[in-house]
Structures are given as C-alpha cells and as structure tokens.
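Input: a single structure, listed below in structure tokens.
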Amino acid sequence: TRFDVFMQGPGFFESQAYPASIQYDMSALIKTHQLDLNRLDQASVEYVKQSSDGKAYFLPIQLEGMVLYYNKSLFDKFGIPYPSDGMTWEQMWDKAKQLTRKEGGVQYFGFGTNTSTIQGMNPLSIPLADPKTDTPTINKDERWKRFYDYFYEQPNKIPGYQDAIQATKGFPTLDMFVKDQTVAMFAYQSGLINVWEEQLKALNWDIVALPPLPGQPGVGSMATPKLFGITSMAKDKDAAMIAIQYLLSDEHQKELARKGIAPIVTSDAVKKELGKNSVYKDRNWNALVQYKFAPLALRPVYYSQLNAIYQKHFIATFLGQTDLNSALRAAEEEAVKAIAEFKNK
C-alpha cells in the first residue's frame, strides 16, 4: 500500500522504515519550502542529522519528556510540603524518604517510576549501543553505573522499599500511584495526562519538572519526539512537505500545546498555551518545558530488544539476585547475541 508520510518514535522509525527502504531525504524540500529548523528543539534536530547520516529522513513534530507526578493527598496526609519546579535531586529524595512509611497497615512509597521508560529516556543521554560498531554499551559506558545508582540504588536504601520490590518484582508501579494511591511521587512521561485522562480524575495530583541529576543543572530527561518522514513512494512530495510544514507552524503547535502536548517549537508564545484546553488546565504545565531536554542518544534499530535486556538485568540486581558487575557482563553477552540475531534476520 502506497502512503506518503510515515510517523513513528525514535528507534522505531529507523527499525521499521530503513529495512523496507521507504525513507526519503527531505533536505532539498526543507530548503525549497524554507523550513527554519532553528525554531525547533535542537536536541531533536541533532537527532535527525545523526540518525539520518547527515540527511533528513524525518522531522520532529511534537515532544514528550519525563515529569514528576505527585499525589497531593499523600503530601497533605503526612504534612510534607509539595514538590516544586527547581528543586534539586537531593531535595526530591529527602521527600521520598519522609513519605516512605507504613501507616494503618498500608505501605506507602515516596518515589516510583517505570524503569523501562526512565532507561530509554535517561537524563544522562546514554545510548544503548554504539551505532558505528553495533556493540552494546551496557558494560562499557561507565554512566550506566551512575544511572543504576540514581534510579535503583538510592531508592533501595530507603527502609520499606524491599517489601514492595519483592512483592512487585520491581519498582512501585504506575497502577500503585494512580489506582492504589500508595506512591507519593512518580516519574513518567508527560503524555500520561492525555492517555489516562479519565483514570487521573480519581487522583488529587499535579506535576513538577523532574529534578536535574547532580552535575547537570537545567537539564531534564531525553525527550521522545514524534517523527514524521516523507516516504520514497510518495507521488507528490511537495504536497507532503506542505502538510509537514503546517504541522510545524505556530498555529498547529499552539493547538497541540493547548491539548497539553509539549510543542517542538521553542517559542514562548506557543509554550504559554500549554494545557489551556485540557480538562486539567489548572495544573503546572510549565513543568513540561521547565528545563532543556538532554541530548537525544541515537536509538539503534534493535532498540526494543536491548532496552528489555538491560532492564531485566538491572532489576535482577535490584532484587538482590546478582551483583551489579555480574549483571552488566551478563547483559552485555545477551545484548551481543540479540544484535547478531537481529542483523541475521
């Protein structure tokens, strides 16, 4: 079936479009239609160049980053001040420790996250593999140890966490935050506000920017942009580019922002529209754009396989089933096999 424009996320665009050879270099069309890429989030623009080998097989249209959701009722219950934009990583963990407690037979947790999501959007911009050599980074890039410390080891030191870890075989979950309401803060994608609009109505919640990691002032998580690319089979590529050009216009970007979707353009006038048409218009929408996004690491075509492997071995360490160095070696071995299998398909 012929189609003119293909849309996917980073890693998935490449893994689906490239093997089928439907990607098309839009560089000439970008010049002809005078698209100003300086208006866009530069981390995403840089990703376009790197993943397209200097060409432009796609353009980012909208963004999704990580924010910190919090349950206001739990903060009120335990008399802890709410989180705020601009708080430090250490201040967040201080609140997490105060909110992790057992009360009335119920175990409450100060912090939770989806480990697969935070791994793929990690603020340290660690790639899962070296794209030039097709080798996994898990046992070569020292930043993975820092990542483990920030998102596994630190919460694991809080009394009470092991109870949940052993019961759920991982971190306190999104369901525990939204449905059970036993998690006070949950780091997750901003798009949850639209996807779980109904579920969130049962929760007295708000958001703040995910605090920057130590040594990275003013930097949030990596973003997950939606990527739109004209296909090689498009009959009228100029018409397709006009459609993409409209999606990048301030008019359309304001429309996205009003729905609560982070715009790809950096215009303050567009950002001011964030959340205005959302049922949650009174929430702290500035959290979506409080910090600049971390540089977007290249996502290889076998991204999904490696992300699952890394997560599995990190959780095994988290559960006390192995030590970190052994886990990193085992993850590397499994990842090497997965890459070889993917390339031999």
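The values are calculated or read from the model by the stated rules, or taken from the named source; none is laboratory data. Being a predicted model, the structure only gives us computed values, none of them experimental. Backbone-built Cβ (ideal geometry, glycine too); neighbour counts: all protein chains shown. Side chains included, ligands, DNA and RNA excluded: accessible areas come from the protein's heavy atoms. Shrake-Rupley method; radii C 1.70, N 1.55, O 1.52, S 1.80 Å.
For W144, the conditions (1) over 30 Å from G275 (Cα atoms); (2) open to solvent by less than 60 Å² (accessible area, probe 1.4 Å); (3) assigned to a loop (DSSP other than H, G, I, E, B) are fulfilled apart from (3).
Of all residues in the range 241-260, none satisfies being closer than 24 Å to M87 by Cα and in contact with a Lys or Arg (Cβ under 8 Å, 6 or more places away or on another chain).
Just give me the residues in the range 258-300 being in contact (Cβ under 8 Å) with a residue 24 or more places away in the chain, of a type in the set (A, V, I, L, M, F, W, C) and more than 27 Å from S51 (Cα to Cα), in sequence order.
Pass one, the range 258-300, residues in contact (Cβ under 8 Å) with a residue 24 or more places away in the chain: 259-267, 278-280, 283-300.
Adding the requirement that they be of a type in the set (A, V, I, L, M, F, W, C) leaves 261-262, 264-265, 279, 285, 287-289, 293-294, 296-298.
V279, W285, A287 - these are the residues of the range 258-300 that are in contact (Cβ under 8 Å) with a residue 24 or more places away in the chain, of a type in the set (A, V, I, L, M, F, W, C) and more than 27 Å from S51 (Cα to Cα).
Taking the criterion of being touching a helix residue (DSSP H, G or I) at 6+ places or on another chain (Cβ under 6 Å), open to solvent by 20 Å² or more (accessible area, probe 1.4 Å), closer than 24 Å to E197 by Cα and part of a loop (DSSP other than H, G, I, E, B), the residues of the range 254-303 that qualify are E273, K276, N277, V289. Taken residue by residue, the range 168-179 has at least one member that is open to solvent by less than 10 Å² (accessible area, probe 1.4 Å), modelled with pLDDT under 95 and in contact with a Gly (Cβ under 8 Å, 6 or more places away or on another chain). Of all residues in the range 1-29, those being in a helix (DSSP H, G or I) and in contact (Cβ under 8 Å) with a residue 40 or more places away in the chain number 8.
Entry remark, the range 74-96: residues being in contact with a strand residue (DSSP E or B) (Cβ under 8 Å, 6 or more places away or on another chain) and on the phi > 0 side of the Ramachandran plot number 1 in total. Please work out if Q154 is open to solvent by 20 Å² or more (accessible area, probe 1.4 Å), of a type in the set (S, T, N, Q), at pLDDT 95 or above and within 20 Å of Y69 (Cα to Cα). When the stated conditions are applied, Q154 does not pass them.
Look at K201 and say whether it is open to solvent by 40 Å² or more (accessible area, probe 1.4 Å), modelled with pLDDT of 95 or more, more than 27 Å from L298 (Cα to Cα) and not in a loop (DSSP other than H, G, I, E, B).
Working: open to solvent by 40 Å² or more (accessible area, probe 1.4 Å): yes; modelled with pLDDT of 95 or more: yes; more than 27 Å from L298 (Cα to Cα): yes; not in a loop (DSSP other than H, G, I, E, B): yes.
It is true that K201 is open to solvent by 40 Å² or more (accessible area, probe 1.4 Å), modelled with pLDDT of 95 or more, more than 27 Å from L298 (Cα to Cα) and not in a loop (DSSP other than H, G, I, E, B).
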